[in-house]
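What follows is a single structure, written as structure tokens, with notes after it.
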Amino acid sequence: MVGGMKDCHRQVLLKSRIFLSNNMEPDEVLEHLVAKEILTNLMYARIKAFPVQYDQNIALLTMLPKRGPKAFSEFCNVLRETGQKYLAEELENKLCSPDTPEQKSLPYPVNETGVRRMLWTESPDYSIDDGDGPIVVSFCSVDFYLAHHNEAYKLTSCPRGLALIISNTKFSTPDLDFRHGGDVDLASLTQLYSRLGYKVIPHNNLTAQDMLCKLDTFSKFSEHADLDSCIVALLSHGVDGAVYGTDGQLVQLQDVFRILDNAHCPHLQNKPKMFFIQACRGEETDRGVDLQDGREQSASPGCEEMDAGKESVKVKLPKQSDMICAYACLKGTVSLRNTKRGSWFVEALISVFSQHAKDTHVADMLVKVNALIKEREGHAPGTEFHRCKEMSEYSSTLCRNLYLFPGIPGL
């Protein structure tokens, strides 16, 4: 193994990840890096296996920090040699910048509230992809699709749908800290959704009003009529029922759901709509409890039905149906985020969805996410934050099983 680059170089690449992924022309860059022995021929082949330029850039930026102490300077040289001098200057300017709250305490987890709290360490340290490559999603088999598609939502369009990601990391109000690790979450979810067959539309650092405008524009895209689902991911600071724009104003989640409901987004009627909320829902830290013997049991009470649909009238839909929303934490509590690897919640989503989307419906995958987060805890001996916990949850108005069927071609 070549080894890693300096922390300052690694952090500059991390902060510039989305900018580089959207703007870099990778073809000549990859060839030059192979010639300079920064990349191996096998790495070159693995990167070029991705058909989309953005995904090639993500794969390269995932590998670079592990390619030795000279990788950063050689990468900047290559950008100049390939006519992309402005990208090299962007990296070098960030490296020389004295600013930065972003360079402080980077290996530590923090909570997602606007309250400044002591940071605490977490062990062990591991990366999201746990290797030299990008996120890999296991594909669904044809046999599994044929055995399950009749009981599930139709999900075979190409792309599967549009995925809107809004990630706020830098805020204009001093009460809301910089969200260290937020760029990692954005890059990881962009990869995941792309691998699952979605067309990803990322946005960075929007005010509350701009967030609502982007959501409204997203709901009006005519493409939804020909696609089978959609995803909305909001990554920010938050409180119960709302997330913050960069201006410190709140966007109510009910407004988000309303913009995409059956009344306001007819192109998505009867189609599954997935929401992922990485934000705090309060300021309480989950201290955990000691495990006791025994199991909790719950009963499912019956319910009464009314006759419906017997009259010859136009069929109606509830305003909000066919939605599932996953939250990073429980009501009233903080969510936890590692400044180096990103949030616990997104890390768990990546792990579960990449492995299990091939044969598990979304609700059951979110149960697996809950199980992963349940086992995790902060590590900070001697502080009040030692052994802090987090618990994710989801709510659902889905009416069928929602399988993502990754790898199954459009039918």
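Within the range 330-349, the set of residues being more than 15 Å from residue 167 (Cβ to Cβ) and not charged (D, E, K, R) comprises 330, 332, 333, 334, 336, 338, 344, 348.
Out of all the residues in the range 54-64, is one or more free of Cβ contacts under 8 Å to residues at least 60 places away in the same chain and open to solvent by 30 Å² or more (accessible area, probe 1.4 Å)? No, the range 54-64 contains no residue that is free of Cβ contacts under 8 Å to residues at least 60 places away in the same chain and open to solvent by 30 Å² or more (accessible area, probe 1.4 Å). Here the strands (runs of 3 or more DSSP E) wholly within the range 175-250 that include at least 1 residues being within 22 Å of residue 403 (Cβ to Cβ), touching a residue at least 60 places away in the same chain (Cβ under 8 Å) and not small (Gly, Ala, Ser) are 229-235. On the stretch given as the range 136-159, residues that are surrounded by 14 or more Cβ atoms within 10 Å (Cβ to Cβ), out of contact with any His (no Cβ under 9 Å at 6 or more places or on another chain) and assigned to a helix (DSSP H, G or I) total 3.
Of the residues making up the range 165-208, just one is acidic (Asp, Glu), open to solvent by 20 Å² or more (accessible area, probe 1.4 Å) and under 16 Å from residue 19 (Cα atoms), namely 183.
Answer with yes or no whether residue 49 is without any contact (Cβ under 8 Å) to a residue 24 or more places away in the chain and farther than 19 Å from residue 135 by Cα. It is false that residue 49 is without any contact (Cβ under 8 Å) to a residue 24 or more places away in the chain and farther than 19 Å from residue 135 by Cα. Output the number of the condition that residue 405 fails; it satisfies all remaining conditions of (1) at pLDDT 95 or above; (2) open to solvent by 60 Å² or more (accessible area, probe 1.4 Å); (3) in a loop (DSSP other than H, G, I, E, B). Tallying (1) at pLDDT 95 or above; (2) open to solvent by 60 Å² or more (accessible area, probe 1.4 Å); (3) in a loop (DSSP other than H, G, I, E, B), residue 405 fails exactly one: (2).
The values are calculated or read from the model by the stated rules, or taken from the named source; none is laboratory data. Keep in mind that this is a model prediction, so the values were computed, not measured. Cβ sites come from the backbone with ideal geometry, for glycine too, and all protein chains shown count toward neighbours. SASA here: full protein model, heavy atoms, side chains in, ligands and nucleic acids out. Shrake-Rupley method; radii C 1.70, N 1.55, O 1.52, S 1.80 Å.
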